[in-house]
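Okay, so here's the structure we're looking at.
Each value in this text was obtained by applying a stated rule to the coordinates, not by laboratory testing. Source: prediction; values computed, not measured. Cβ sites come from the backbone with ideal geometry, for glycine too, and all protein chains shown count toward neighbours.
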Amino acid sequence: MAMAQAGTGSSPRLRSTLDAVPVYVPGKTAASGWKLSSNENPYPPLDGVLEAVTLAAGRMHRYPDLHGTELTNRLAEHLAVPAPHIALGTGSSGLLQQLMQIAVDPGDEVVYAWRSFESYPIATRLFGAASVEVPLTGDEAHDLAAMAQAITDRTRLVLVCTPNNPTGKALHRDELERFLDRVPVDVLVVLDEAYVEFNTDPHCADGIELYQERANVVVLRTFSKAYGLAGLRIGYAVAHAPVAEALRKTAVPFGVSTAAQSAALASLDRQDELMGRVADLVTERERVYEALLRQGWTVPESQANFLWLRLGEQTSGFADHCRDAGVMVRPYGQDGVRITVGEPQANDALVAAAARYR
Ligand SMILES: *Cc1c(COP(=O)(O)O)cnc(C)c1O
C-alpha cells in the first residue's frame, strides 16, 4: 500500500484549485497619519451603537440568534420587502462565498467587470469556477453590453458592482434594466451595492426596486461602509425566497454575532444621525474631487466614499509619495490608486500631497 512516509516533510494534499486563488490584499494601516486605503467610515461608533454592543458583549457565552430574527424583521420593514427574502451574512464577503456555494460547480463561469472588487476573483476561483473578466469602459464604468455578450451556457453567476469598487462609477436604472432583460433567467445576477448609501445620482438603479420583478436578481448590502460597522462583520442579501433560503442554508452557523446584530439594530434606530454623517462624507467627496480636478488630475465622478486615479505605471510611486506624506491610499498593481474619503483633515492632507506630486 502506497502511503506518504511520516516525517519526510511532505504536506497534506489540498485542493489544487487553491493555487489559482489570489491572496486578499488589505489596505495598509498607517502607523501614524491617515488611513484612506480601506473605504472605512472615519467616524467612531455612535453612542447608542456602542452601548448596544457593550450590552451584547456581556452575553458572549451564549450563541447568537441563528437567523437574527429581530434584525431580519427590522430590515424587512426598513426595505419594505418580505422577511423571508432576507439572508444575513458575515459581511457581504461572507455572502459572496455563499453565492458561489449555491450557484457554481467547478468549471462553471462567473462573469464580472474588471477592475472591480478584489474579492470577486478570489471567491470565484476558491470554488473552482472560471473568472470571465470583462474590461471596464474607457470612462471606468461596467461595459454591460460586453458583459451580456460574455454570458455562455456555462455562466452561473454575474457580479455587478454599483457603485463600482474601485472606480466609483454607478449604473443608471435604464441601462441596468436593459442588461437584466438580456440575462437568461436561470443565471443569477448579483447587484453588489456596498456603497449605495453614498449614491446621490437620481438616475441610478436601486437594487431593491429591481429585484422585485426578477427571480434571478440578488442584492448585496453591508453595514461595513456607510454604517461604520466594518469590524463587526455583518451584511445581508435580498432575493426571492428560493435564493434567500439557499443562502441561509450555506451560512456558517452562528457566524453573525449578537454584537453585530445588536449594532445593526441600533444603527437602524439612529438612521438619521448616520445618514447625516454620510451626507458629510458626500460633501467631502465633492470637495476632494473638485480639488483634484483643479490640480489637473483625471478623476471619474464617484458615487461612493472613494475616488479613483488611473495612474498606470505611476501607481506605486504615487502611493509611496502619499505614504511619506502621512496618507495611506490603496494602489492596485499598475492600474491606479483608490483614495477613500475620510475626515476633512485627512482629505486636506491627501489633497496637499497630490498637489506636491505634480
Ligand atoms: C467593502 C465591500 C464589500 C463588503 O464587505 P463586507 O464583507 O460587508 O465588509 C462588498 N462589496 C464591495 C464592492 C465592497 O467594496
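Laid out as a table, the results:
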| quantity | calculated |
| --- | --- |
| Count of residues meeting criterion [farther than 20 Å from Gly255 by Cβ and within 13 Å of the ligand (Cβ to nearest atom)] in segment 95-113 | 2 |
| Any hit, segment 237-250, residues being more than 28 Å from Arg156 (Cβ to Cβ) and over 19 Å from the mean Cα position of the chain (by Cα) | no |
| Segment 248-277, subset within 14 Å of the ligand (Cβ to nearest atom) and in a helix (DSSP H, G or I), residue surrounded by the fewest Cβ atoms within 10 Å (Cβ to Cβ) | Ser267 |
| Test result for Asp320, outside any loop (DSSP other than H, G, I, E, B) and surrounded by 14 or more Cβ atoms within 10 Å (Cβ to Cβ) | no |
| Of all residues making up segment 148-167, the number that are closer than 23 Å to Val341 by Cα and of a type in the set (Ser, Thr, Tyr) | 2 |
| Qualifying residue in segment 235-243 (condition: of a type in the set (Ser, Thr, Tyr) and more than 16 Å from the ligand (Cβ to nearest atom)) | no |
| Residue list for segment 148-175, filter: outside any strand (DSSP E or B) and either within 16 Å of the ligand (Cβ to nearest atom) or aromatic (Phe, Trp, Tyr) (or both) | Thr162, Pro163, Asn164, Asn165, Pro166, Thr167, Gly168, Lys169, Ala170, Leu171 |
| Tabulated pairs, segment 331-358, first among the acidic types (Asp, Glu), second assigned to a loop (DSSP other than H, G, I, E, B), C-beta under 7 angstrom, 6+ apart or interchain | Asp335/Arg115; Asp335/Arg310; Glu343/Pro42 |
| Residue in segment 165-187 that is touching a helix residue (DSSP H, G or I) at 6+ places or on another chain (Cβ under 9 Å), of a type in the set (Ser, Thr, Tyr), under 30 Å from His78 (Cα atoms) and touching a residue at least 40 places away in the same chain (Cβ under 8 Å) present | no |
| Any hit, segment 83-105, residues being surrounded by 16 or more Cβ atoms within 10 Å (Cβ to Cβ) and of a type in the set (D, E, K, R) | no |
| Check on Glu193, more than 16 Å from the ligand (Cβ to nearest atom), in contact (Cβ under 8 Å) with a residue 12 or more places away in the chain and of a type in the set (Asp, Glu) | no |
| Subset of segment 186-201 (residues that are part of a loop (DSSP other than H, G, I, E, B), among the β-branched types (Val, Ile, Thr) and within 28 Å of Arg277 (Cα to Cα)) | Thr200 |
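Table: residues versus (1) of a type in the set (A, V, I, L, M); (2) more than 16 Å from the ligand (Cβ to nearest atom); (3) within 19 Å of the chain's Cα centre (by Cα).
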| residue | (1), (2), (3) |
| --- | --- |
| Arg15 | no, yes, no |
| Leu18 | yes, yes, no |
| Arg59 | no, yes, no |
| Arg74 | no, yes, no |
| Ala87 | yes, no, yes |
| Ser93 | no, no, yes |
